[in-house]
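Novice: Once you've had a glance at the structure underneath, I'll fire off some questions.
The values are calculated or read from the model by the stated rules, or taken from the named source; none is laboratory data. For clarity, every value in this text was computed on a predicted model and none was experimentally measured. For neighbour counting, all protein chains shown are included, and Cβ atoms are generated from backbone atoms with ideal geometry for every residue, glycine included.
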Amino acid sequence: MMLNIENIRAQFPILAQQIHGKNLVYLDNGATTQKPISVINAITNYYKNENSNVHRGVHFLSGLATKKLEKTRNAVKKFIGARYNHEIIFTKGATDSINLVANGYSTLLKKGDEIIISELEHHSNIVPWQICCENCGASLKIIPIKDNGELDMDCFYNMISKNTKIVAISHISNTLGTVNPVEKIISKAHELGAKVLIDGAQATTHVNLNMIDLDADYYVFSAHKMYGPTGVGVLYGKEEALNSLPVYQGGGEMIKDVSFKKTTYAPLPHKFEAGTPNIAGIIALNEAITFVLKLGIENIYNYERELLEYATNEILKIKGVVIYGNSKNKTGIISFNIDGIHPYDIGVIIDKFGVAIRTGHHCTQPLMERFKIPGTARISFAVYNTIEEINICIEAIKKAKSMLV
Ligand SMILES: Cc1ncc(COP(=O)(O)O)c(C=O)c1O
C-alpha cells in the first residue's frame, strides 16, 4: 500500500512549526518520534474528562480509567502477539523495563554465571547488567560487531555456554540501524537453557512482532519511540519468566495483603506495577498503536527504507563522508561523520536551517570506542519524513561542511 504522507503529516501539529525561521525538518526520530493528534487528544481528554486513579475506586471515573488502562493492555497484547494480558507490564520505558529484569537477575544469579550482551547495545541495555553483575558476582560477556555493524555471530556461538543464564540484545541498533538476528540468538540460547531479553525500543514500528513465534522470554519497548507519549513503556515477559522474577518495587497496587508480620504480593501483572501509573500516557499508547496499525508496519518499514536508500546515496556524494553501519538488514538510521569535522558542529549548524538531527555517542559509548570515534551525526527517519526534507538536510550539511573546512 502506498502511504499518503501528506495526510500523515497533517496529523502531526508540531511538523507545521518553523525553527529559526525555517520549516522544521525533524530527523531525530531514533531519540523520540513526534505525536499524532489522536495521541495528544487522548492525553488532554483524559485530564479534561476522565482523570481518576485506577484499580482502587468504586466510582464511575475510576472505573472508566481502569477500563481504558486495561484496554491498552489488551491492545499491547494483540500488537505484540503475546498469549495473555498479564504478560504485559506497564513501566516508565524500555530502560525501566530492563532494570526491572536485571534487578531480578541480581538475586537469581551467582559467581560463575554469565550474561551476554553485545557491543552495539544502548547504555540502558549495558549498565543495568553491569550493576547486576556487581551485585551478584556474575560476569558479563560481550558479542563483538563486525566492521559493517553486524553482530559477529561466530563469536556468539563460541561464547555461549551452559554458564550463560541470560542474553540481552537489542532488536535494532539505535546508532547503526542494524536489525539483529534475534531469532537465531533466541533459539541458540534456549538450546543451552539461557533466557533472552530483547530490547525492542527501535523495533516496534519496523518489525511485525509475534511473541509466541519469536519466543523471547522478555521483550521491552518505549511508547515514545512509536508515536506515543514519554514516560510509558512495556515489559513483556512469558508468564513463567515473569513469575520467576522477584518483586521489583514495593508499594500500593503490587500487594495482595500487607501486615507487619508478612506481606503477600499480587499476581501478574500488578506484582510489577507498584504505585500510580502514567494513566494518561498508557491510554494514549493505545492511540499510538492504532496509528501504527492503520498505516501498517510493513508499509512504514518499506517507506522508511526508500528514504534510507535515497538519503544514503545522496549523503555519500558529499566528499569525506563515512557511514557507520552498512548491514543489509537495516532500518532508517544513518550515522555518519565528515572527515575533519566534529559531528557536534554539523548538528549545531544545520539546526540553524531548521534541521533536527542528533550528534554524539547516542548512549552507545562502547560502540563509539569500537569505531574509535568520539561520536557521529545521526539522521533517523519516521513515517512522516519526505524526500524533500532529505534534500533540505543534505543541502544544510553541505553548507555546514563549507563553513567548517
Ligand atoms: C535501542 C534502545 N534501547 C533502549 C533505549 C532507552 O529507551 P528509553 O529512554 O525510552 O527508556 C533506547 C532509547 O534511545 C534505544 O534506542
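Novice: Within the range 369-391, how many residues are surrounded by fewer than 20 Cβ atoms within 10 Å (Cβ to Cβ), in contact (Cβ under 8 Å) with a residue 60 or more places away in the chain and either out of contact with any helix residue (DSSP H, G or I) (no Cβ under 9 Å at 6 or more places or on another chain) or not hydrophobic (A, V, I, L, M, F, W, C) (or both)?
Specialist: Result for the range 369-391: 3.
Novice: Now a separate question. For the range 76-102, how many residues meet the condition of being within 15 Å of the ligand (Cβ to nearest atom) and of a type outside the set (D, E, K, R)?
Specialist: Residues meeting the conditions: 12.
Novice: Suppose we keep only residues that are part of a loop (DSSP other than H, G, I, E, B) and closer than 13 Å to K188 by Cβ within the range 154-170. Which one would you say is nearest to the ligand (Cβ to nearest atom)?
Specialist: Filtering first and then ranking leaves I160.
Novice: Further question on the same structure: Please indicate, with yes or no, whether at least one residue in the range 341-356 is in a strand (DSSP E or B) and crowded, with 16+ Cβ neighbours inside 10 Å.
Specialist: Taking every residue of the range 341-356 in turn, at least one turns out to be in a strand (DSSP E or B) and crowded, with 16+ Cβ neighbours inside 10 Å.
Novice: Identify, please: which residue in the range 134-153 is without any contact (Cβ under 8 Å) to a residue 60 or more places away in the chain and over 18 Å from I185 (Cα atoms) and is, among those, farthest from the ligand (Cβ to nearest atom)?
Specialist: Filtering first and then ranking leaves G137.
Novice: Same structure again: Tell me, which residue of the range 113-133 that is surrounded by fewer than 21 Cβ atoms within 10 Å (Cβ to Cβ) and farther than 23 Å from M153 by Cα is nearest to the ligand (Cβ to nearest atom)?
Specialist: I131
Yes/no matrix, rows are residues, columns are (1) within 16 Å of the ligand (Cβ to nearest atom); (2) closer than 30 Å to L64 by Cβ; (3) at pLDDT 95 or above:
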position: I198; (1), (2), (3): yes, no, yes
position: P229; (1), (2), (3): yes, yes, yes
position: G233; (1), (2), (3): yes, yes, yes
position: V247; (1), (2), (3): no, yes, yes
position: G252; (1), (2), (3): no, yes, no
position: S259; (1), (2), (3): no, no, yes
position: E273; (1), (2), (3): no, yes, yes
position: A280; (1), (2), (3): no, yes, yes
